[in-house]
Amino acid sequence: MPEFMNNQSNEQHSILVVDDEGPIRRILDTRLSMMGYQVFTAADGVEALEIFDRQHPDLIVLDVMMPRLDGYGVCRAIRKTSRVPIIMLTALSEVRDRITGLEMGADDYMVKPFSPKELESRVRCIIRRMGSLKPFNYRVTGVINIGSLRIDTNKRKVFRGQERIILTHMEFSLLELLASTPGAVVSRQELLEKVWGYSTGSIVDSRVVDVHVSRLRNKLKADQLGYELIHTVRGVGYTLKCE
């Protein structure tokens, strides 16, 4: 018997599960509902967008291969107007196909067949990030100043001067972790565990981190002083430098 934690605080959060396989929809609907989330389900991409526009879910679990409109199309459409977290489910064997969803704006992906328990762990981690819980070390004021950036960890917003830089939930969590210890090298494995919620020792494709760092760099671009904030430490991970 699987173990469920019915957390009353989860009731304020809703999840849209999109998959053309009925058994998967039913399993995830049951398990996530027992965790306290409000769950909506859709059998294809067109129905998913209709429900998304009507219900505004807090998180989406999105299959890639579906009739009428595939997961890539759904992700692309949603990212035009929303930063809602998206976990993609894919049966595609090519790594390039899996990474495509991340480049379109998905926050994470899981390969079918997948463990429902592992998916639940990822969902909990993302929902926790969406709340105002602070798993990382940060200044008492809740504001971190790095170069010309102002990172408000309470409101989860980033500014350069008066200009707001729009980040997804995962991108913000990634930046927040790196900025909490500027100059320190954070390994890809640590990022996967603390930001994505992967369990210690999980065998995962570290390119999930690399794609997000690339997207984050593009949004931050160069600091006004002319240097890149996020540096790659080859073979290890990343560090955020301010000089």
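Rule-based calculations on the coordinates, nothing more; no lab input. Owing to the predicted nature of the structure, the values given are computational and were not obtained by experimental measurement. So basically every Cβ, Gly included, is an ideal-geometry build from the backbone, and we count neighbours across all protein chains shown.
Shown is the FRET efficiency for Met34 and Lys112, computed with R0 = 25 Å from the Cβ-Cβ distance and rounded to the nearest 0.05: 0.70. Scoring 64-76, 166-178 by mean Cβ neighbours within 10 Å over their residues and listing the highest first yields 166-178, 64-76.
A straight chain from Val233 to Asp152 at 0.36 nm per residue would run longer than the Cα-Cα distance by 26.5 nm.
Please work out whether segment 28-115 counts as rounded, prolate or oblate from its C-alpha gyration tensor, where a ≥ b ≥ c are the square roots of the eigenvalues and a/c under 1.5 means rounded, while otherwise a/b larger than b/c means prolate and anything else oblate? The shape class here is oblate.
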